[in-house]
Structure formats: structure tokens, C-alpha cells
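Colleague: Mind looking over this structure? Questions follow.
The values are calculated or read from the model by the stated rules, or taken from the named source; none is laboratory data. Only a predicted model underlies this, so the values are computations on that prediction, with no experimental measurement involved. When we count neighbours, we look across all protein chains shown, and the Cβ atoms used for this are built from the backbone with ideal geometry, even at glycine. Areas reflect the complete protein model, heavy atoms only, side chains present, ligands, DNA and RNA absent. Shrake-Rupley method; radii C 1.70, N 1.55, O 1.52, S 1.80 Å.
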Amino acid sequence: MSVTNGFRLMALCLALVVLTGCAKIRVIDSRPQVEFAERRSDYLMAGTFSAETRSALFALGKDADECESSPPDCMSKLRKLTDPGADTTLAILAELSIARALQAEQESRGSASDEVIAYYLDAARFAYAFLFLGDRPPGDRALENRQTQVRDYYNLATERVAVLAFQRTRGPNAPVVPVEGTVLGFGEWRIKLGQVDVRLPIGAERLDSIISPSRLQIRGLQNIYRKDGLGAELVSVWTGDPMVQQEARMREIGVSAATVLLEFEGDRLEDLLSRQEVSLRILDPYATRTTLVHGRDVRVAANFSAPFAVWLARGDFQRRALLGTLGRDPSLTRPRVHLMQPYDPDRFTVVLLHGLASGPKTWANVANELFGDTILRDYYQLWQVEYPTNVPIAINHVDIRRALEQTTAQLDPERDARATREMILIGHSMGGVLARLVIVEADDDVWPETLGIFLDSKRRAALTPLDPDLQLETLGIPPDSQWRAALGPFETYLQFEPLESVGRAIFLASPHAGTPFAGNWLSRMVISLILLPVDTLYRIAAAADAVEADAPEIAASLRANVTAIHQLNSSSLFLQGTSRLDIAPGIPYHSIIARRNLRGPLETSNDGVVPFTSAYLPGATSTLVVNAGHGVHQMSEAIVEVRRILHLHLEELGVLEGY
């Protein structure tokens with residue numbers, strides 16, 4: 001065959017292919033992930049319409065790509081040519097409407113205009129109609145992907161309505177808390193505030209902003225804990241007077257989860273689609289699991305990780321922790337109790353205490369994992385104690401006790417709420433040392449031992465048969481002397497009794513008997529850079545003055561070794577005395593100890609900072625040794641153990657019956 005004839009044959013074949021109009025069909029191997037992604041893809045996931053919508057538009061002679069660029073034209077034709085009450089039609093209208101609303105908001109650069117809000121209300125209404133007034137009840141579509149997609153259109157549309165409506169109505173004359181019955185107008189639409197399950201957080205003055213978790217990328221948390229369901233998952237951010245908040249010993253963090261629902265009026269589909277009136281409800285997802293919507297009991301959606309992440313991200317806690325250790329953060333000179341969620345008298349309380357050069361951020365994954373456990377979330381609330389880690393342990397333990405006592409007294413004056421009984425203390429590193437000091441009992445020996453009068457000394461032998469008052473007289477401090485009067489500040493730091501509200505404690509990598517790390521060259525260099533608050537220096541001076549006459553060497557030691565690092569040293573007289581004290585009977589306690597290297601005997605191991613012998617407590621209800629460094633509290637094995645202990649606490653209290 002000549003070359004010319006070959007070209008003619010090829011041209012003829014191409015012409016036949018064109019004239020026949022046959023589609024070119026191929027079947028190729030693919031991964032299951034690709035297939036399932038295409039099945040579930042829709043406008044929210046990929047910016048292109050779902051397979052169901054594209055198929056329906058094709059049947060109506062409409063090009064899906066054209067509809068994506070101009071949804072209103074397709075919506076108008078769809079409503080004319082199809083049954084407006086069919087499930088398929090309602091689902092397509094919901095997807096087209098959410099596309100139109102998102103495009104309009106983007107084009108308006110986030111403007112909260114009547115038009116944009118109306119578009120989102122249209123999308124929510126079509127989705128609501130599909131979910132509650134379609135051909136079939138929601139239960140019959142429970143296993144269908146399409147129902148999940150339409151629920152997401154409703155949730156996103158509701159989220160944007162809530163956020164944009166807040167932006168439009170906030171101002172100096174707006175109410176501090178949304179008021180039930182308030183009617184808001186946006187073009188031809190009317191939104192009436194129905195149930196408002198919101199209260200002003202302690203220490204807050206007004207609602208500052210509403211944040212959409214769907215528009216956040218959260219980094220640093222191992223998991224994001226949500227609850228699937230109906231409603232917009234939101235984060236409410238409250239603000240107050242910065243000066244008042246700085247001085248307060250206790251405050252709620254002012255960042256909380258909220259869920260918003262839109263309920264459209266009309267028992268018949270045609271009535272619902274013709275009205276432009278809607279009720280907006282604001283729910284507390286911590287208190288509300290399910291709610292009635294259009295006569296059906298539905299799960300309420302929620303995001304429990306986002307509020308915590310927002311608070312930590314805005315708080316700049318890591319920088320504050322480092323500056324605080326060096327005494328260069330004037331905003332924190334005394335312990336402060338942070339309530340991680342709105343106070344609930346019916347939930348037990350878990351109190352977290354961080355360690356040296358640390359702050360609330362160190363508990364990020366522990367707190368988040370506790371929020372993620374449904375049972376723990378239902379029965380517990382979290383408090384965090386933030387305290388200046390440069391201040392001596394002897395002073396911090398007194399101040400932390402007072403802060404917790406004042407917090408429980410303010411929240412529960414009658415002392416009959418579940419929240420202020422059977423509290424659980426969880427402390428890491430120095431936080432564990434402080435937690436233990438809050439629940440120990442002191443006998444009369446703590447005085448002479450802390451003053452350096454040890455068992456084999458002649459002075460100790462002379463003091464043994466004497467009662468506490470006579471011991472003081474023997475030390476040269478009679479009850480009516482000026483030294484005894486001056487001794488008050490010093491005596492305060494050597495009195496120990498268990499905090500009445502505490503029912504259990506968990507210690508993680510805690511140097512109860514000190515650590516040689518606190519005496520090495522690096523620690524000494526850090527100590528040289530540390531400044532102490534003026535009031536702390538006065539308190540140390542008063543304590544030193546109190547014992548100057550009888551024990552000048554102790555007074556000199558107090559004045560020279562004034563920081564928390566000094567008192568974490570294994571040679572610290574304070575820890576040598578207090579480490580001998582027993583935890584009060586009736587308070588179970590647990591140890592989680594880190595071991596960095598598995599070689600060698602357990603008794604000689606350490607976590608890089610704390611020796612095993614210092615972290616180990618005889619008589620513990622449980623002791624778990626984890627192959628990890630000093631940051632063991634962030635390890636999954638330790639977090640799982642904390643969760644186990646919290647479940648055990650509920651079981652022993654007998655509160656899980658019928659859960």
C-alpha cells in the first residue's frame with residue numbers, strides 16, 4: 001500500500017468515528033480510595049457538584065459546569081420541570097443553593113449583606129425540607145450518603161447565618177447575651193431567637209466574636225473531637241475587663257462550644273418553602289445531647305476540641321511560661337484557676353497542675369483527650385491552675401490551696417455540689433509535688449526536720465518528748481515573744497492538711513524527694529537569671545526573720561535559696577522534710593513514672609530529670625512505668641492510663657449505673 005493510500009484510509013476512519021458520534025469508553029484499573037472519593041464528592045468537598053446533582057442536571061439538559069458558575073438559572077429551571085417535593089429535587093436545590101451562597105459571600109469579600117444571608121437561609125431551608133418533609137423520613141435514608149451531604153449543607157448554611165447575623169447586629173447597644181424572642185430582619189427574611197442556652201461566663205462582660213471551626217486549621221492536637229449531628233458547630237469568644245481578669249484568682253476561659261439550629265415553620269412542604277420566617281436556637285452541647293426538631297429527636301452536633309485550641313492559641317502561654325520562670329511576666333504573680341468550660345455543679349472536677357517553666361499548653365493533648373471521651377465529658381469538667389513557677393514551692397503550695405479554696409467557696413458556698421467534692425488533682429513534675437502537698441498530713445516532726453534538726457542530733461533528742469508549743473520554746477521562741485509573733489508567716493508554709501474537696505490524685509514524673517538536675521550547671525545558670533515578685537521577696541524575708549534568732553544558718557539558707565529550682569534540689573531541706581509526710585488516709589493516689597532507658601535496674605533509672613526513687617510513692621493504688629522521657633504526660637500510654645483512672649473513680653463512686 002502506497003503512503004498516499006495509507007493517509008486516505010486513516011482519514012476515512014477518523015471521519016467514520018466523528019460521524020457515528022460514539023463515545024470513547026475505557027475501563028482502567030484504579031484504587032478503591034479514588035472510587036469512594038468520587039462517590040462522596042460534592043460541592044463542599046471538591047468545589048464541583050455531586051454525581052447525583054450532575055446526573056439530574058444532565059437529564060434536564062443543563063450543563064453542570066455552567067450551573068456551578070451560575071446556580072440561580074439552574075435552580076429556576078429545576079423547580080419548573082421537576083416535582084419540588086421529591087427527595088432528589090430538594091437535595092439538588094440544597095446543593096445548588098449552598099453553591100450560590102458560598103459564591104456570593106466570596107464575591108462580597110465576606111460581607112454580611114441581606115443578600116448573602118438570604119442565600120444561606122434558602123440553602124438551609126431546602127436542606128431542612130429534605131431532612132424532615134421529603135418523600136421519606138430520615139430513618140429510611142440513614143445509610144444513604146446523600147442524606148449526610150444534605151445535612152452538611154444545612155449545618156454549613158446555619159453556621160454562616162449565625163456568624164453573619166452576629167456581625168450585622170453586634171455593637172455598643174447590643175445585649176450582652178442574646179435575648180430570647182428578639183426578631184432580626186434581613187431583607188424579606190425574619191429570624192426569631194428561640195431557645196438561648198447561653199450564660200455570661202464568670203469574669204466576662206460581652207460576647208466578642210463567634211468563630212466557625214470549619215474555617216480553622218487546628219495544629220498541635222493529636223485528635224480533633226467532634227460529635228456528628230444536626231446544627232452549626234461554633235465557638236463563642238467572650239471578653240471582659242483585662243485588669244479585673246488579671247487580678248481574679250478564678251475565671252472561666254471565656255471560650256466555649258455552642259451549637260445553633262435553624263427551624264423553619266410549616267407542617268406542609270409548600271408552606272415551609274413559601275415562608276421566610278425561621279427560629280434560631282442556641283444550645284450548649286455539653287448539656288444537650290439530643291433535641292426535638294420538627295417533631296423528631298435528633299443528635300446535636302458539636303466540636304469539643306476547637307474552643308480549647310482557640311483559647312491556647314490566643315493565650316501565648318508558652319512565651320508566658322518561659323518569661324514567668326525568669327520572673328519577667330508581671331501578669332502572673334499568684335496562682336490562677338482557669339475553668340475550661342462553663343461551671344457545672346453536677347460534674348466532678350479534674351484539676352491540672354503544670355510543672356516548672358510550663359503552663360496550660362503542656363496539658364493540650366491530655367485535656368483534649370479527656371474532652372474526647374464521651375463518658376468523661378459527661379461526668380467531668382476541667383480546671384487548670386496556672387502559677388508562677390519561679391516562686392518557691394513552700395509559697396506556691398499555700399497559694400494554690402487558697403486559690404482552690406476560694407474558687408470552690410465562690411462557686412459553691414453551701415459546699416453541696418458534686419463539682420466541689422471528690423475533686424481529682426493531676427500534676428506533672430513540680431505540679432505533682434504541689435498536688436501532693438495539698439493532700440498530705442503533717443505530724444509534729446515536720447517542724448524540727450525542716451529546720452534541720454534530724455533524728456541523730458542532740459537538739460532533736462531534747463525536743464522529742466515535748467509538745468509543739470514547748471518545742472517552739474525550746475527553740476528559743478516562747479509563745480509571748482516577738483519572735484513567735486514574727487513566726488506567723490514562716491509557720492504558714494509548714495502547716496499541712498488535706499484539702500477537703502480532693503478525692504483522688506495522679507502524679508506524673510513528679511520529683512517528690514527532689515532531683516539532682518536542679519543542682520546542675522544549667523539549673524544554676526537559670527537561677528542566676530530569675531527574678532522574684534516583690535511580695536514573694538517580702539514573704540521570704542519575713543520567714544527568714546522569724547527564725548534568725550534561733551537558727552541563723554536556716555535564715556541564711558532561706559535568703560539564698562529562694563526559687564522553685566532551689567527547692568526542687570535533692571538537698572532541699574523543705575523537700576527532705578515534706579517528702580516524709582504521708583498522704584491522708586482515704587485519698588487514693590496513682591503514679592505514672594517515666595523511664596528513659598530500659599537498661600539496668602528500675603530503681604536506678606530516671607526520665608532524664610527525675611530519678612525513679614524520687615517519683616515512686618509507696619502505697620499508691622497503681623504505679624505505671626512508661627518508657628519515655630520527662631514529658632511522659634504527653635505520651636499516649638500515660639493519657640490512656642489517666643483516662644482509666646478517671647473511669648475507675650466514677651465506678652467506685654457508683655455514678656455510672658444506668659448510664
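Colleague: Mind listing just one residue for me: the one in the stretch 409-425 that is farther than 15 Å from residue 498 by Cα and not small (Gly, Ala, Ser) and, of those, most open to solvent (accessible area, probe 1.4 Å)?
Modeller: Taking the stretch 409-425 and keeping what is farther than 15 Å from residue 498 by Cα, we get 409-419.
Now restrict to residues that are not small (Gly, Ala, Ser): 410-416, 418.
Working: 410: 116, 411: 30, 412: 10, 413: 96, 414: 141, 415: 113, 416: 104, 418: 72 Å².
Looking at residues that are farther than 15 Å from residue 498 by Cα and not small (Gly, Ala, Ser), I get 414.
Colleague: Which of the strands (runs of 3 or more DSSP E) contained wholly in the stretch 306-425 include at least 1 residues that are among the basic types (Lys, Arg) and more than 23 Å from residue 589 (Cα to Cα)? Spell out how you get there, then give the answer.
Modeller: Values: elements: 336-339, 348-353, 380-386.
It comes to 336-339.
Colleague: Among the residues of the stretch 25-59, which ones are among the aromatic types (Phe, Trp, Tyr) and either over 23 Å from residue 86 (Cβ atoms) or part of a helix (DSSP H, G or I) (or both)?
Modeller: Initially, the stretch 25-59 is screened for residues among the aromatic types (Phe, Trp, Tyr), giving 36, 43, 49, 58.
Across the stretch 25-59, the qualifying residues are 36, 43, 58.
Colleague: Listed residues 54, 39; which is open to solvent by 40 Å² or more (accessible area, probe 1.4 Å), modelled with pLDDT of 80 or more, touching a helix residue (DSSP H, G or I) at 6+ places or on another chain (Cβ under 8 Å) and over 30 Å from residue 277 (Cβ atoms)? Reasoning before the result, please.
Modeller: Working: 39 fails: modelled with pLDDT of 80 or more.
Checking each option against the conditions leaves just 54.
Colleague: Could you please let me know if residue 648 is touching a helix residue (DSSP H, G or I) at 6+ places or on another chain (Cβ under 9 Å) and either closer than 22 Å to residue 496 by Cα or open to solvent by 30 Å² or more (accessible area, probe 1.4 Å) (or both)?
Modeller: On the way: touching a helix residue (DSSP H, G or I) at 6+ places or on another chain (Cβ under 9 Å): no; either closer than 22 Å to residue 496 by Cα or open to solvent by 30 Å² or more (accessible area, probe 1.4 Å) (or both): yes.
It is false that residue 648 is touching a helix residue (DSSP H, G or I) at 6+ places or on another chain (Cβ under 9 Å) and either closer than 22 Å to residue 496 by Cα or open to solvent by 30 Å² or more (accessible area, probe 1.4 Å) (or both).
Colleague: Determine if the stretch 283-292 includes at least one residue that is of a type outside the set (Val, Ile, Thr), over 23 Å from residue 176 (Cα atoms), touching a strand residue (DSSP E or B) at 6+ places or on another chain (Cβ under 6 Å) and exposed (fewer than 15 other Cβ atoms within 10 Å of the Cβ). Explain how you work it out, then say what you get.
Modeller: Initial filter on the stretch 283-292 (of a type outside the set (Val, Ile, Thr)): 283-287, 289, 292.
Subsequent filtering for residues that are over 23 Å from residue 176 (Cα atoms) retains 289, 292.
If we keep only those that are touching a strand residue (DSSP E or B) at 6+ places or on another chain (Cβ under 6 Å) too, we end up with none.
No, the stretch 283-292 contains no residue that is of a type outside the set (Val, Ile, Thr), over 23 Å from residue 176 (Cα atoms), touching a strand residue (DSSP E or B) at 6+ places or on another chain (Cβ under 6 Å) and exposed (fewer than 15 other Cβ atoms within 10 Å of the Cβ).
Colleague: Then there's this: Look at residue 147 and say whether it is open to solvent by 20 Å² or more (accessible area, probe 1.4 Å) and over 24 Å from residue 267 (Cα atoms).
Modeller: Working: open to solvent by 20 Å² or more (accessible area, probe 1.4 Å): yes; over 24 Å from residue 267 (Cα atoms): no.
Here the answer is no, as residue 147 does not meet what is asked.
Colleague: Hey, another quick one. Can we say residue 184 is modelled with pLDDT of 90 or more, out of contact with any Asp or Glu (no Cβ under 8 Å at 6 or more places or on another chain) and under 27 Å from residue 292 (Cβ atoms)? Steps first, please.
Modeller: On the way: modelled with pLDDT of 90 or more: yes; out of contact with any Asp or Glu (no Cβ under 8 Å at 6 or more places or on another chain): yes; under 27 Å from residue 292 (Cβ atoms): yes.
In short, yes.
Colleague: If you take the residues in the stretch 109-144 that are open to solvent by less than 40 Å² (accessible area, probe 1.4 Å) and in a loop (DSSP other than H, G, I, E, B), which one is farthest from residue 269 (Cα to Cα)?
Modeller: To start, the set of residues in the stretch 109-144 that are open to solvent by less than 40 Å² (accessible area, probe 1.4 Å) comprises 110, 112-113, 116-118, 120-134, 138, 141.
Filter once more, keeping what is in a loop (DSSP other than H, G, I, E, B): 110, 112-113, 134.
Values: 110: 32, 112: 28, 113: 27, 134: 8 Å.
Residue satisfying both the conditions and the ranking: 110.
Colleague: Going through the stretch 262-295 one residue at a time, which ones are part of a loop (DSSP other than H, G, I, E, B) and among the polar types (S, T, N, Q)? Break it down stepwise before answering.
Modeller: Step one: list which residues in the stretch 262-295 are part of a loop (DSSP other than H, G, I, E, B), which gives 265-268, 275-276, 284-289, 294-295.
Selection gives 276, 288.
Colleague: Considering only residues that are without any contact (Cβ under 8 Å) to a residue 12 or more places away in the chain and either in contact with a strand residue (DSSP E or B) (Cβ under 7 Å, 6 or more places away or on another chain) or of a type in the set (D, E, K, R) (or both), which ones fall in the stretch 171-197?
Modeller: 182, 183
Colleague: Sticking with this structure for a sec: Can you pull out every residue in the stretch 589-629 that is hydrophobic (A, V, I, L, M, F, W, C) and part of a strand (DSSP E or B)? Walk me through how you get there before you give the answer.
Modeller: The first filter runs over the stretch 589-629 and keeps only residues hydrophobic (A, V, I, L, M, F, W, C), leaving 592-594, 598, 602, 609-610, 612, 615, 617, 620, 624-626, 628.
Listed by number, the residues that qualify are 592, 593, 594, 624, 625, 626.
Colleague: Then there's this: Of the residues 475, 404, 451, only one is modelled with pLDDT of 95 or more and open to solvent by less than 50 Å² (accessible area, probe 1.4 Å); which?
Modeller: Details: 475 fails: modelled with pLDDT of 95 or more; 451 fails: modelled with pLDDT of 95 or more.
Within the list 475, 404, 451, the selection yields 404.
Colleague: Write out, first by first residue and then by second, each pair whose Cβ atoms fall under 8 Å of each other, whose residues are 6+ apart or on separate chains, and whose first residue, in the stretch 38-61, is within 20 Å of residue 79 (Cα to Cα) while the second is at pLDDT below 90 and open to solvent by 60 Å² or more (accessible area, probe 1.4 Å).
Modeller: 51/38; 51/39; 52/88; 56/88; 57/63; 60/77; 60/81
Colleague: Does residue 105 satisfy being touching a residue at least 60 places away in the same chain (Cβ under 8 Å), touching a helix residue (DSSP H, G or I) at 6+ places or on another chain (Cβ under 8 Å) and either surrounded by 20 or more Cβ atoms within 10 Å (Cβ to Cβ) or in a helix (DSSP H, G or I) (or both)?
Modeller: Numbers: touching a residue at least 60 places away in the same chain (Cβ under 8 Å): no; touching a helix residue (DSSP H, G or I) at 6+ places or on another chain (Cβ under 8 Å): yes; either surrounded by 20 or more Cβ atoms within 10 Å (Cβ to Cβ) or in a helix (DSSP H, G or I) (or both): yes.
So residue 105 does not fit the description; no.
Colleague: Restricting to the stretch 349-362, and then to whatever is open to solvent by 10 Å² or more (accessible area, probe 1.4 Å) and of a type outside the set (S, T, N, Q), can you tell me which residue is nearest to residue 197 (Cα to Cα)? Walk me through how you get there before you give the answer.
Modeller: Going through the stretch 349-362, the residues open to solvent by 10 Å² or more (accessible area, probe 1.4 Å) turn out to be 356-358, 361-362.
Among the residues that remain, those that are also of a type outside the set (S, T, N, Q) are: 356-357, 361.
Details: 356: 39, 357: 38, 361: 29 Å.
Selected residue: 361.
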